[in-house]
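To start, the structure under review is shown below, and the notes come after it.
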Amino acid sequence: MEMSRLMQSFPWYDLPGVQWANDALWHATGLPGALDRSTPIQQQWRHSELVVSQACGLDLFLSAAPIEPVLAPVFDLDSPAGSYFSYLVGNPTGRVAAVNGLSSRSGLCALLAVCRPRAILITGSHRNSLAALRSGAAEVASIDAVTWTILERCDPAALQGITRVDRTPSAPAPPFVMRRGGTHERIARALEAAMRGPATVHARRALGISGVVRVSLDDYLPVRDEYLALASRIPRILG
């Protein structure tokens, strides 16, 4: 197998200020290659030599990509191991909500569970949703708590003027995914070892992650069920 054909990425919290930390975690696995930051995520998931990537729990059901969850991060949050939550920001009764994507549990479902906006503006990222609030293009958003925490440390200007008004219920955290039906044990063990090794203490602290837990698709059924219950409430999408 040619090393150049391998595909691995940690895209979910790969903000500029912590890319070094994701690189350090990958290096600590001892696995070959480097993290990919140029291939579109859907292409990564469909890559014939996918080693590992990340996804939202909803992507496991809404995407046709042949991926399955293997590990979930344990975040330094006030939330059960392997879970996370979002912060509701802005005006909860606002007419327009900024949403990072239609397959986002943290940005869409967490929002619709507690708010009834009349329209949503798709922004492409939580950081862009915050910018939409600052510019007045939207009035409310639901921001992944891990992203918020990283921005607090690395880019506080992105949060300037944003009011955090509540937190949403916890949900299964975005998993590390691998190719469906593949042999995952060696890779999973390498990731587990990297997540507890002394060489990654500073990297894990920067990313707000303390370890990983094993997961399966069944663990994400509540995310699917929540989406199905809320799908009829998705409002008009602004261009």
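The values are calculated or read from the model by the stated rules, or taken from the named source; none is laboratory data. These figures come from a predicted structure and were not determined experimentally. With ideal geometry, Cβ positions are generated from the backbone for all residues, glycine too; neighbour counts draw on all protein chains shown.
Here are some conditions: (1) within 19 Å of the chain's Cα centre (by Cα); (2) without any contact (Cβ under 8 Å) to a residue 12 or more places away in the chain. Residue 27 meets all but one. Which one does it not meet?
(1)
One line per residue, one yes/no per condition, for (1) in a helix (DSSP H, G or I); (2) surrounded by 20 or more Cβ atoms within 10 Å (Cβ to Cβ); (3) among the aromatic types (Phe, Trp, Tyr); (4) in contact (Cβ under 8 Å) with a residue 60 or more places away in the chain:
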{"site": "132", "(1), (2), (3), (4)": "yes, yes, no, no"}
{"site": "137", "(1), (2), (3), (4)": "no, no, no, no"}
{"site": "150", "(1), (2), (3), (4)": "yes, yes, no, yes"}
{"site": "157", "(1), (2), (3), (4)": "yes, no, no, no"}
{"site": "161", "(1), (2), (3), (4)": "no, no, no, no"}
{"site": "169", "(1), (2), (3), (4)": "no, no, no, yes"}
{"site": "189", "(1), (2), (3), (4)": "yes, no, no, no"}
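Looking at segment 103-157 only, could you name the residues that are among the acidic types (Asp, Glu) and closer than 17 Å to residue 227 by Cα?
The first filter runs over segment 103-157 and keeps only residues among the acidic types (Asp, Glu), leaving 139, 144, 152, 155.
Answer for segment 103-157, where residues must be among the acidic types (Asp, Glu) and closer than 17 Å to residue 227 by Cα: just 144.
For the list (1) more than 15 Å from residue 83 (Cβ to Cβ); (2) touching a residue at least 24 places away in the same chain (Cβ under 8 Å); (3) of a type outside the set (Val, Ile, Thr); (4) surrounded by fewer than 19 Cβ atoms within 10 Å (Cβ to Cβ), I need the number of the one condition that residue 211 fails.
(1)
Would you say residue 98 is surrounded by 15 or more Cβ atoms within 10 Å (Cβ to Cβ) and outside any helix (DSSP H, G or I)? I'd like the intermediate steps shown before the answer.
Working: surrounded by 15 or more Cβ atoms within 10 Å (Cβ to Cβ): yes; outside any helix (DSSP H, G or I): yes.
It is true that residue 98 is surrounded by 15 or more Cβ atoms within 10 Å (Cβ to Cβ) and outside any helix (DSSP H, G or I).
Taking the criterion of being assigned to a helix (DSSP H, G or I) and either modelled with pLDDT of 95 or more or more than 22 Å from residue 234 (Cα to Cα) (or both), would at least one residue in segment 172-179 satisfy it?
no
Return yes or no: is residue 141 within 23 Å of residue 123 (Cα to Cα), in contact with a Ser or Thr (Cβ under 8 Å, 6 or more places away or on another chain) and among the hydrophobic types (A, V, I, L, M, F, W, C)?
In short, yes.
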